[in-house]
Amino acid sequence: MSFIRHLPHWLLADIIILVLAAFFKFAMRGYDYIAYTLVFAMLLITLHHYASDALWRAAVILTSLGLMYFCVVELLIVGSARTDDSPEGKKYLIVLGAAVLDDRPSLALIHRMEGAMKYMDAHPDSIAILSGGKGKGENITEASCMYGWLTEHGVDPGRLIIEDKATSTMENLRYSFDIIESRGDTPSGNIALVSSCYHLYRAKCMARLLGAEAVGVSGSLGYPIYTLNCFIREAFGVTHLWVFGN
């Protein structure tokens, strides 16, 4: 303990932050961006101690610009992080997949399916397209997992369509649109997207890029810190979409 008391305050702060970052990165599943944020804070503290005045001023300016950009992107994400006011009258409900743990739905996927069930109960003529292939560490496809869970919870199998090839949000939408068009319908103005609240802005932007206007249906919120991690991650996802178009 005496050794710790003699550490400089900035170094002690760095150690505490690094331990927290390692905890979120390696001991928790799905909290990577909280860890990255903590590491960035640790690097700023270290830079402030060692950098020249000119280098520190440059770091402050760049960090401030980055934070301003981040806040603008987050305002757009947060603004769409809810069920749209008027999602009625949509024939097709596209449920975007999330992680499957072996053959069980993750909490994020359960929340999306709960949102889908609520929408389908309120709109008995709607048809749900369950979209999601098999990712790393998943024993079954996300679409199959959703189909099993939803039918076990009383959803009529005749109202469910499985799309089990997609491995990304853009593919979720593209392949689901193909299904809709194969049925003689058009996606634009005819679809609602079910996803986690933090994902809805990007999903609707992608639908627009594919030529379709969509309304959003939000699943339930998850754990607060996990949800915060996902909001941070989405800022990078939206930036990637803006730069690369996917």
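The values are calculated or read from the model by the stated rules, or taken from the named source; none is laboratory data. Fair warning: this is a prediction, and the values are worked out from it, not measured in the lab. Note: ideal-geometry Cβ built from the backbone for every residue, glycine included; neighbour counts use all protein chains shown. All accessible areas refer to the heavy atoms of the entire protein, side chains included, with ligands and DNA or RNA removed. Shrake-Rupley method; radii C 1.70, N 1.55, O 1.52, S 1.80 Å.
Annotations for the structure displayed:
- Anisotropy class of region 1-110 from Cα gyration tensor, a/c 1.5 cut: oblate
- Ranking Ala116, Ser131, Met68 by how far each Cα lies toward the positive end of the dipole of the chain (charges on Cβ) leaves Met68 at the top.
- Tilt relative to the chain, helix 32-50 - C-alpha long axis, 0 to 90 degrees, to 10: 20
- Charge dipole of region 1-129 (Cα centre as origin; +1 on each Lys and Arg Cβ, -1 on each Asp and Glu Cβ, all else neutral): 320 debye, rounded to the nearest 20.
- In degrees, nearest ten, helix 224-244 long axis to first principal axis of the chain (Cα): 80
- Percentage relative contact order, region 168-246, counting C-alpha pairs under 8 Å, at least six apart: 29
- Folded to 0 to 90 degrees: helix 169-182 orientation relative to the chain principal axis, Cα: 10
- Rounded if a/c under 1.5, otherwise prolate or oblate - region 22-77, Cα gyration tensor axes: oblate
- Lys, Arg +1 and Asp, Glu -1 on Cβ, resulting dipole of the chain about Cα centre, debye, nearest 20: 600
- Note on region 170-229: with charges restricted to the Cβ of Lys and Arg (+1) and Asp and Glu (-1), its dipole about the Cα centre is near 180 debye.
- Rounded to the nearest 5, the antiparallel percentage of DSSP beta bridges internal to the chain is 10%.
- The HN-Hα couplings worked out from phi for region 20-31 by the Karplus form 6.51 cos²θ - 1.76 cosθ + 1.60 (θ = phi - 60°) are 4, 4, 5, 4, 5, 6, 10, 9, 10, 9, x, 10 Hz, whole numbers, x standing for Gly and Pro.
- Region 173-245 and region 15-45: distance between their alpha carbon centers, rounded to Å: 28
- Surface composition of the chain: carbon and sulfur make up 63 percent of the accessible area, probe 1.4 Å.
- Relative contact order %, the chain, counting alpha carbon pairs below 8 Å whose residues are six or more apart: 22
- The mean sequence separation of alpha-carbon pairs under 8 Å and at least six residues apart, normalised by the residue count of region 72-170, gives a relative contact order of 29 percent.
- Prolate/oblate/rounded label for region 128-243 (Cα gyration tensor, a/c 1.5): oblate
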